[in-house]
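Some notes on the structure that comes next.
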Amino acid sequence: MPELPEVITVIKVLKDEDLIGKHFVSVNVYNSKLLKNSTPKSLNNFLKNETVKDIQHKGKYIVFTLSKNKILVIHLRMEGKLFVEHSNIEEKKYLCVKFILNNNTTLRFYDSRMFGTIHIFDNLEKYNDSSIIKKIAIDPLDKNFTTMYLINALKNTNTYIKTALIDQSNVSGIGNIYVDEILFASFVSPLRRVKNVKPNEYILITKNAKKILKDAIACGGTTISTFESSNNHIGSYQNKLKIHGKKICPICKRKTAFTKVNGRGTTYCKYCQK
């Protein structure tokens, strides 16, 4: 968390708050652990006087295209938050990085767990050639995400289907919450081995991945614990969750099962999902 719907929601909010067109004045780094290929000084030098031209995503990464073809990449990981705030607004707890912009505006990166990451790239070529970007697959909202794509992406693995779907080198953007929902909607157990998933089930998984992520985006994401796309703005898709975190299956009305898959808490119905 955040997953693809939350990342897209954050980007929408950043755009709505007119971040595009603003330029960086300076950067204050309070926790350099987040900087993966820079130092506080080099990050400041890299961003100074650069203008935000566009904001997109690559999987769960938020990608800022800057002037002079520079690229700033931020991953929120588990608890990260990016808020556009007026410089006079009091800073909250867990502020890790403050990007000072023109017009008394700041972009503040809060992270209580400090798992978030910041990368910088001098140009598009270095960005595309970076190890963090090269391994990221397409996401379910990409036009090239088809049933055949998914079958081919998973054909050389025989792990659990849940494990395969949250592997960002197979499919990007899906995490623990949405994979539970996708597999439940497709009547496939998260403990099924990939080799035992049938072609008609891949069709369902592909279809439901697109539908569920689009629905979640329309709801502004899912807020189960701490996700906020801006100050005091939370998602509402948690109200539509069918299986994740539920005690009773909405279909058969029997008790759901809970287990760990690769360390991830997993809720499913052992009667409806085979």
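Mean sequence separation of contacting Cα pairs (under 8 Å, at least six apart), scaled by the length of the chain, corresponds to a relative contact order of 18 percent. Would you work out which of I203, Q168, G220 lies farthest towards the positive end of the dipole of the stretch 147-268, given +1 charges on the beta-carbon of Lys and Arg and -1 on that of Asp and Glu, about the Cα centre? After comparing all options, I get I203.
Within the listed set V27, V197, V73, the residue fluctuating most in the Gaussian network model of the chain (springs between alpha-carbon atoms under 10 angstrom) is V197. Comparing T39, T206, T65 in a Gaussian network model of the chain where C-alpha atoms under 10 Å apart are linked, the largest mean-square fluctuation is found at T39.
Computed about the Cα centre, the dipole magnitude for the chain is approximately 1300 debye when only Lys and Arg (+1) and Asp and Glu (-1) carry charge, each at its Cβ. Only one residue of F64, L4, N31 has its Cα farthest out toward the positive end of the dipole of the stretch 4-129, where Lys and Arg carry +1 and Asp and Glu -1 on Cβ, and that residue is N31. Considering only P190, P250, P40, the mean-square fluctuation computed in a Gaussian network model of the chain, springs between alpha carbons under 10 angstrom, is largest for P250. Put simply, when 85-92, 2-9, 143-150 are sorted by average Cβ atoms within 10 angstrom per residue, most first, you get 2-9, 143-150, 85-92. A straight Cα-to-Cα reach below 14 Å connects K81 with the aspartates and glutamates E3, E6, E91, D111, E228, residues fewer than 8 places away in its own chain not being considered. Compared with the dominant Cα axis of the chain, that is its longest principal axis, helix 199-218 is turned about 40°. Of interest is the spacing of the C-alpha centroids, which for the stretch 241-271 and the stretch 56-73 amounts to 36 Å.
Extension gain for the segment N49 to K68, taken as residue separation times 0.36 nm less the Cα-Cα distance, is 5.8 nm to one decimal. Take the chain with all the other protein chains still there, run a 1.4 Å probe, and you get 47 Å² of accessible area per residue. Taking the C-alpha atoms only, the angle from helix 176-185 to the longest principal axis of the chain is near 30 degrees. If R0 is taken as 30 Å, the Cβ-Cβ distance between S42 and K92 corresponds to a FRET efficiency of 0.70. Taking other residues whose beta carbon is less than 12 angstrom from the beta carbon of Q168, and scoring Lys, Arg as +1 and Asp, Glu as -1, yields +1. From its DSSP helices (H runs of at least four residues, each -39,500 (n - 2.57)), the chain gives a residue-normalised ellipticity at 222 nm of -7500 deg cm²/dmol.
Measuring between alpha carbons in the structure, the pairs from K214/K260; K70/K211; K15/K68 lying more than 25 angstrom apart are K214/K260; K70/K211.
Could you list the chymotrypsin sites (Phe, Trp or Tyr not before Pro) in the stretch 87-120 that lie in coil according to DSSP, counting only those with at most 15 other Cβ atoms within 10 Å of their Cβ?
Values: sites: Y94, F99, F109, Y110, F115; in loops: Y94, F115.
Sites meeting the loop and neighbour criteria: F115.
Other residues whose C-beta falls under 13 angstrom from the C-beta of H244 contribute a net charge of +3, scoring Lys and Arg +1 and Asp and Glu -1.
The values are calculated or read from the model by the stated rules, or taken from the named source; none is laboratory data. Note that the coordinates shown come from a computational prediction; the quantities given were computed from them, not determined experimentally. For neighbour counting, all protein chains shown are included, and Cβ atoms are generated from backbone atoms with ideal geometry for every residue, glycine included. Keep in mind that these areas ignore ligands, DNA and RNA; they rest on the heavy atoms of the full protein, side chains included. Shrake-Rupley method; radii C 1.70, N 1.55, O 1.52, S 1.80 Å.
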